[in-house]
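Asker: The following block contains the structure, expressed as structure tokens.
The values are calculated or read from the model by the stated rules, or taken from the named source; none is laboratory data. Since the structure is predicted, the reported quantities are computational estimates derived from the model, not experimental observations. Reconstructed Cβ throughout: ideal geometry from the backbone, glycine too, with neighbour counts over all protein chains shown. Just so you know, the surface numbers come from the protein's heavy atoms only, side chains and all, with ligands and any DNA or RNA stripped out. Shrake-Rupley method; radii C 1.70, N 1.55, O 1.52, S 1.80 Å.
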Amino acid sequence: MLPSEWSADALLDEVLVAPRRAFPTWAGTQVIEGPGWLQIITPSVRRGGLNQVLQSELDEHEADARIDATIAQYRALDLHFRWDVPPDPRPPDLARRLEQRGLAATEVVGMARATQPELDDPPGDITVVEVDAATIDVFARVMAEGWGVDVTPFEPLHRALLDDPARRQTMVLASCAGEPAGIAASVTLERSVYLLGGVVLPQWRGRGVYRALVATRLRHAAARGRSLVTVHALASSSAPLLARLGFVELVRFTSHR
């Protein structure tokens, strides 16, 4: 279900292009950009995001040198990174060139949904709250456990996000039967809200926690005057779940790491 006021071209742009600017404005992140190029490097976060080539429109004859130099940047800093390849890449064989250098492709589904109608309320034993100073440590612990990463590099980032007066990013924490069960986040963009980071701890899966995390972020988006939410979902895991919650597939692309 998509909002009727959005054209097909506008929806595709909002799913593919707008999320490129969803990363947090943080002192620890270096942004490298130019014509057809957008890249972020965060040396303090070795795993778990904030190291990514978000846009790479390259001349066919110069592509190999730029690819090699970029990969060398990340590897010199011992950073896990990903490289997004859109449906119509430049050069056309960009994915093949990345794979030749040992980067494996993951299929990503660009999806969108109207914020209305809302999803049903979760079961009574599930609660979802917006994270604040009192719950940020629990949020961080659940995130680290759910994604299998070291929480230490993220602690200053999470607190900076809470203190940011612009507060583009919203973090939410779900509990089930009184126990922390999952986390998620969303970023308020100019025309839409972009969902990211949703994870439920294994012992709480299958009880409606993921649905509750999505429902809460849909309500937050509507409260911010946004009629559209978008997400980049893994084809092998979250995309089927989101499809059952009313999200519509608009495009597929690959992310290489």
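Asker: Kindly indicate whether any position in segment 29-49 is under 26 Å from L228 (Cβ atoms), in contact with a strand residue (DSSP E or B) (Cβ under 8 Å, 6 or more places away or on another chain), among the aliphatic types (A, V, I, L, M) and open to solvent by 20 Å² or more (accessible area, probe 1.4 Å).
Answerer: Checked segment 29-49: at least one residue is under 26 Å from L228 (Cβ atoms), in contact with a strand residue (DSSP E or B) (Cβ under 8 Å, 6 or more places away or on another chain), among the aliphatic types (A, V, I, L, M) and open to solvent by 20 Å² or more (accessible area, probe 1.4 Å).
Asker: Quick one: which residue in R141, R167, R96, R113 is touching a helix residue (DSSP H, G or I) at 6+ places or on another chain (Cβ under 9 Å) and free of Cβ contacts under 8 Å to residues at least 60 places away in the same chain? Write out each step before concluding.
Answerer: Working: R141 fails: touching a helix residue (DSSP H, G or I) at 6+ places or on another chain (Cβ under 9 Å); R96 fails: touching a helix residue (DSSP H, G or I) at 6+ places or on another chain (Cβ under 9 Å); R113 fails: free of Cβ contacts under 8 Å to residues at least 60 places away in the same chain.
Going through R141, R167, R96, R113 in turn, just one is touching a helix residue (DSSP H, G or I) at 6+ places or on another chain (Cβ under 9 Å) and free of Cβ contacts under 8 Å to residues at least 60 places away in the same chain: R167.
Asker: Please return the ranges of strands (runs of 3 or more DSSP E) entirely within segment 158-257 where 2 or more residues are closer than 30 Å to R75 by Cβ, of a type outside the set (V, I, T) and under 15 Å from the mean Cα position of the chain (by Cα). I'd like the intermediate steps shown before the answer.
Answerer: Working: elements: 169-176, 179-188, 193-200, 228-234, 248-256.
Qualifying strands (runs of 3 or more DSSP E): 193-200, 228-234, 248-256.
Per-residue answers, yes or no, for (1) surrounded by fewer than 12 Cβ atoms within 10 Å (Cβ to Cβ); (2) at pLDDT 95 or above:
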residue	(1), (2)
R75	yes, yes
V85	no, yes
A104	yes, yes
G110	no, yes
G124	yes, no
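Asker: Also, I was wondering about something else. Find the residue count for segment 163-185, including only residues that are surrounded by 15 or more Cβ atoms within 10 Å (Cβ to Cβ) and of a type outside the set (S, T, Y). So that I can check it myself, show each step before the final result.
Answerer: The initial filter retains those residues of segment 163-185 that are surrounded by 15 or more Cβ atoms within 10 Å (Cβ to Cβ), namely 168-176, 180-185.
Checking which are of a type outside the set (S, T, Y) leaves us with 168-169, 171-174, 176, 180-185.
The number of residues fulfilling the criteria is 13.
Asker: Something else now. Might you check whether a residue that is open to solvent by less than 10 Å² (accessible area, probe 1.4 Å), in a helix (DSSP H, G or I) and closer than 24 Å to G28 by Cβ occurs anywhere in segment 140-147?
Answerer: Of all residues in segment 140-147, those open to solvent by less than 10 Å² (accessible area, probe 1.4 Å) come to 140, 142.
Then drop every residue that is not in a helix (DSSP H, G or I), which leaves 140, 142.
The next check asks that each one be closer than 24 Å to G28 by Cβ; those that pass are 140, 142.
Taking every residue of segment 140-147 in turn, at least one turns out to be open to solvent by less than 10 Å² (accessible area, probe 1.4 Å), in a helix (DSSP H, G or I) and closer than 24 Å to G28 by Cβ.
Asker: Now for a separate question. Given (1) at pLDDT 95 or above; (2) out of contact with any Asp or Glu (no Cβ under 7 Å at 6 or more places or on another chain), identify the lone condition not met by L50.
Answerer: The failed condition is (1).
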